[in-house]
Amino acid sequence: AGGSGGWCGCVATDAAETWLVAGWGDGFLCSIDLNTLGSVACMPTAAAPLACTFEPSSDFHLMSVGAETGLYHWRLTGELETRATCSSPSALGLATMRMANGGHVTAVGGSEGTVDIFCDPSYCAFTLSLPAEA
């Protein structure tokens, strides 16, 4: 898994540290079972993944962003659940937080000076615009 995919742009492990996901410069994510060190799936993306994370309270769903406008929501086994459009041409980072009601919020920052807030990984709930420096 990996290696031949160029450079590694992001790495994440699940809470139990039994799964690892790595994003590669050639435009794909690999999921790896850390107990067997076997590759489970390779997930193609439109550009190099730059950030990935496991969905809070789930060891089998993950999200990724990269040098393009999409927030990807994946199953660990490689199936694409959703791809939502972000406001920036390049999404550079993401963070997720589990809420008290069991839901979660995902924030995606990018090259446009905006932060997109997702309450559901299939659509952007709203966008925060950061003020330009004076």
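Once the Cα-Cα distance is subtracted from the 0.36 nm per residue extended length, the Phe60 to Ala46 segment shows a gain of 2.9 nm.
Distant-in-sequence amide contacts of Asp26, defined by a placed amide H-H separation under 5 Å and a gap of 5 or more residues or a different chain, comprise Trp7. Fewest-first ordering of Phe126, Phe54 by other beta carbons within 10 Å of each residue's beta carbon gives Phe126, Phe54. Exposure proxy for Leu20, Leu29, Leu37: other Cβ atoms within 10 Å of each Cβ, ordered fewest to most, give Leu37, Leu20, Leu29. The label point for Phe126 and the one for Arg83, both projected 7 Å from the Cα toward the Cβ, are 2.9 nm apart.
Per-residue Cβ neighbour counts within 10 Å put Glu133, Glu68, Glu112, Glu79 in the sequence Glu133, Glu79, Glu112, Glu68, beginning with the fewest. Between the labelled values (i) 14.8, 51; (ii) 15.7, 54; (iii) 14.5, 53, the entry that holds Rg and Dmax of the Cα atoms in Å as derived from this structure is (iii). The distance from the alpha carbon centre of segment 82-102 to that of segment 5-64 is 16 Å, rounded to a whole number. The shape of segment 55-132 comes out oblate: with a ≥ b ≥ c from the C-alpha gyration tensor, a/c is at least 1.5 while a/b does not beat b/c.
Laboratory data are not the source of any read-out in this text; all were calculated from the coordinates shown. What you see is a predicted model; the values in this text were computed from it and never measured. Virtual Cβ from ideal backbone geometry, glycine too; neighbours counted across all protein chains shown.
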